[in-house]
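Scroll down for the structure; my scribbles are underneath it.
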Amino acid sequence: MLNIVKERLLQLGIVLFFLSLFTFTLMKLAPGDPVFTILRADEVAATSADEEALRKELGLDQPVYIQYLRWMYSIMQFDFGNSLINGKPVVQDILERLPATLELAAGSLTVMLVISIPLGIVAAKYEGKWIDHVSNVLALLGASIPAFWLGLMLIYGFSYKLGWLPTMGMGSAVHLILPSITLGFGLAAIYARMLRAGLLEVLAQDYIRTARARGIGEWRIMYKHALRAALIPIMTVFGSSAGSILAGSVIIETLFSWPGLGDMAIEAIFKRDYPVIQAYVMISGTMIVMVNLLIDISYTWIDPRVRYVKERII
């Protein structure tokens, strides 16, 4: 386990290095000048001397590699600079909006688990029956319907027509329902089919037939033996879904006016607030790599055979 953590932390450092290099280069190649952005925000007529003074204050008169090294040094101190628009520290904006994004991610994951696990288990249990066909239809819909279109339909049906749920904003728990369903439905349909396929493969194994021959109940076999083994490939795919959730949250937060990191990133892109964009990319990359690290660690808890095989290899 310790070797796995060390290896993943090394990979984390390498990934973040290349991510920072890519982000910094992309911001340098982006159109516009942060000096002009700041001066326009002040709404004061600026002279060339003002521009040069501000450029020197921001360190933009230095060579590009010096700017990158200074930026990396600041990042290692968790200092992403100040916003070009409001002048606030970027870290402060992130800490204010991060709970909203985490709340939306937790809500969407809850929707995914509540739908996918029971549906996948029942579809595997009753293979070829009507519930299995319903699972197929849901998987097709989940993979086909764009998230923003589903969100608009939910807003139209449950907010505009029925008036049951609020359309936008963040407040009570009911504000979380529509965004969570919108973001979690597509993942739920896909994972339900993946769980079904994994369970059918595990249920065909010899040790499952042995358990049945010993008289162990079918549902006990399903939950105690088959489900844990079938979760291994699903957990692997879930690592990549962390990026999908973060990417999808940008659209969902904009659609529902949810005050999270995605909404902050969209606003920063339109206003060319480069420090905020850089911080969002770095924070998102770190979160995705950390999720994959936790998934690797969870393998040995879900299936002890993974730990045994790794120990034999070592």
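The values are calculated or read from the model by the stated rules, or taken from the named source; none is laboratory data. If you're wondering where the values come from, they're calculated on a predicted model, not measured in any experiment. FYI the Cβ positions are ideal-geometry reconstructions off the backbone, even for glycines, and counts take in every protein chain you see. These accessible areas exclude ligands, DNA and RNA; they are computed on the full protein's heavy atoms, side chains included. Shrake-Rupley method; radii C 1.70, N 1.55, O 1.52, S 1.80 Å.
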Name the residue that is nearest to GLU218 (Cα to Cα), counting only residues in region 120-141 that are in contact with a Lys or Arg (Cβ under 8 Å, 6 or more places away or on another chain) and small (Gly, Ala, Ser). ALA124
Evaluate region 148-166: report whether one residue or more is modelled with pLDDT under 80 and touching a Phe, Trp or Tyr at 6+ places or on another chain (Cβ under 8 Å). no
Output the residue which, of all residues in region 75-91 that are under 15 Å from ASP273 (Cα atoms) and out of contact with any helix residue (DSSP H, G or I) (no Cβ under 7 Å at 6 or more places or on another chain), is most open to solvent (accessible area, probe 1.4 Å). ASN86
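Only residues that are of a type outside the set (A, V, I, L, M, F, W, C) and in a helix (DSSP H, G or I): list them for region 12-31, please. It would help to see each step written out before you state the result.
Going residue by residue through region 12-31, those that are of a type outside the set (A, V, I, L, M, F, W, C) are 13, 20, 23, 25, 28, 31.
The answer is GLY13, SER20, THR23, THR25, LYS28.
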Take VAL44 and tell me if it is at pLDDT below 85, over 30 Å from MET235 (Cβ atoms), in a loop (DSSP other than H, G, I, E, B) and of a type in the set (Val, Ile, Thr). yes
Taking the condition of being surrounded by 15 or more Cβ atoms within 10 Å (Cβ to Cβ) and modelled with pLDDT under 80, how many residues in region 137-146 meet it? 3
Looking only at region 207-228, decide whether some residue is touching a residue at least 24 places away in the same chain (Cβ under 8 Å), open to solvent by 10 Å² or more (accessible area, probe 1.4 Å) and under 16 Å from ILE115 (Cα atoms). yes
